[in-house]
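Novice: Dropping a structure here in structure tokens format, bear with me for questions.
No value in this document is a laboratory result; all are computed from the given coordinates. The shown structure was predicted, so the numbers you read here are calculated from the model rather than taken from an experiment. All Cβ positions, glycine included, derive from the backbone under ideal geometry; neighbour counts span all protein chains shown.
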Amino acid sequence: MNLEDELRAALRREDPSLGFAKRVVARAQSRRAPRKTMPRFIWAVAIAAMLVIGLTATYEVRQMKAERAGRDAVLALRIAADKLNSAREKVVRREN
Amino acid sequence: MFTQGIAGAIPKVMTDDPERFEELVREHQAMVFSMACRYLRNRALAEEIAQDVFLQLYRKLPSLESSEHVLHWLRWVTAHRLIDHSRQEKRRPQSPLEDVPEPAAADSTGSADPLLSEMLRDLVASLPENARVVMILRYQEDLDPMDIARALDMPIATVKSHLQRSLALLREKLSRTKGVGL
């Protein structure tokens, strides 16, 4: 027998241990399962978080606007009161 | 040479059908495992790498179009996985074949002599990475140099050079070993 034939005999295929294919399938399935559920779970959490953040932000903006409007109204009343006071003082001075 | 088996029907639906995928693994497991085993000379590691190759196949299946494509893909990925593994891990120090100790002499030179086969497997496993894969594809898978060049994306001249040089080295090594002359 020549070297090439000896090499073919020495390097002929052999099977892995029993149950190899089943172990591969089990690993493939176990890797696949979390992949299917994880993105859905992550999407649900992300959407919920975005809703909470959006609603909170909207509420905060409304609150800030209301507070600013209140402060503006008070300022306007103070200005109006100041003007009325100064006008009243002028009238009183003229009468005296 | 290769059975068509599950081959005709292909793979887009296989990821949803574990039994068909298992059948596909059975069809190719000897090729992938033996390549790894001959290359690494370590059955446990070879099984681990073979499993990784099939898991990679499982993810890749939807994009593979035919049984020939699957076979070509498996050879290519296994070969490159093995070369990368030995380059990165360096679990076995690489040494040129000339530096490998002479194997023990065989008692006989008849065909399928287990001692001679063991010596040949050791010598092939001591070849440099690319030459080792080329020899495995040539003598385990019985591919001709053109198919090896295609499988490894390697120029055919390089494949032929690896084969000639490796065979010469093996002959020289064996002829130096008492009682073995091929």
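Novice: Using alpha-carbon positions, what is the distance between the centroids of region B:36-63 and region B:125-150, in Å?
Specialist: That distance is 17 Å.
Novice: Given labels modelled 7 Å from the Cα in the Cβ direction, how far is it in nm from B:ALA157 to A:GLU4?
Specialist: Rounded to a tenth, the inter-label distance reads 2.2 nm.
Novice: Here's something else I'd like to know. Modelled label-to-label distance, B:ARG176 and A:SER17, 7 Å Cα→beta-carbon offset: nm?
Specialist: 3.6
Novice: I've got another one for you. Within region B:145-164, what residues put their amide N at less than 19 Å from the label point 7 Å along the Cα-to-Cβ vector of B:SER63?
Specialist: It comes to B:151-153, nothing else.
Novice: On to the next question. Compute the orientation-averaged projected area for chain A from the convex hull of its Cα atoms and round it to one decimal in nm².
Specialist: The directionally averaged projection comes out at 14.2 nm².
Novice: Same structure again: Could you go through region B:35-52 in sequence order and give the Karplus-derived ³J(HN,Hα) for each residue, using 6.51 cos²θ - 1.76 cosθ + 1.60 with θ = phi - 60°, rounded to whole Hz, and x for Gly and Pro?
Specialist: 4, 5, 5, 5, 6, 8, 6, 8, 5, 5, 5, 5, 5, 4, 5, 4, 4, 4
Novice: Viscosity 0.692 mPa s, temperature 37 °C: what is the translational diffusion coefficient of region B:118-173 from Stokes-Einstein with a Kirkwood Rh over Cα pairs, rounded to a whole number of µm²/s?
Specialist: Working: Rh = 11.1 Å.
After rounding, the answer is 296 µm²/s.
Novice: Could you give me the ³J(HN,Hα) list for region B:23-34, computed from phi with Karplus coefficients 6.51, -1.76, 1.60 and θ = phi - 60°, whole Hz, x at Gly and Pro?
Specialist: Per residue, the Karplus-derived 3J(HN,Hα) values read 4, 5, 4, 4, 5, 10, 5, 5, 5, 5, 5, 5 Hz.
Novice: Please state, as a whole number in µm²/s, the translational diffusion coefficient that the Stokes-Einstein equation yields for region B:5-89 at 37 °C and 0.692 mPa s, with Rh defined as the Kirkwood radius across alpha carbon pairs.
Specialist: Details: Rh = 13.0 Å.
Using the Kirkwood radius from Cα pairs, D works out to 252 µm²/s.
Novice: Where the convex hull is taken over the Cα atoms of region A:35-87, what is its projected area averaged over directions, in nm²? If you can, show how the numbers build up before the last one.
Specialist: On the way: hull surface 12.4 nm².
If you wrap the Cα atoms of region A:35-87 in a convex hull and average its projections, you get 3.1 nm².
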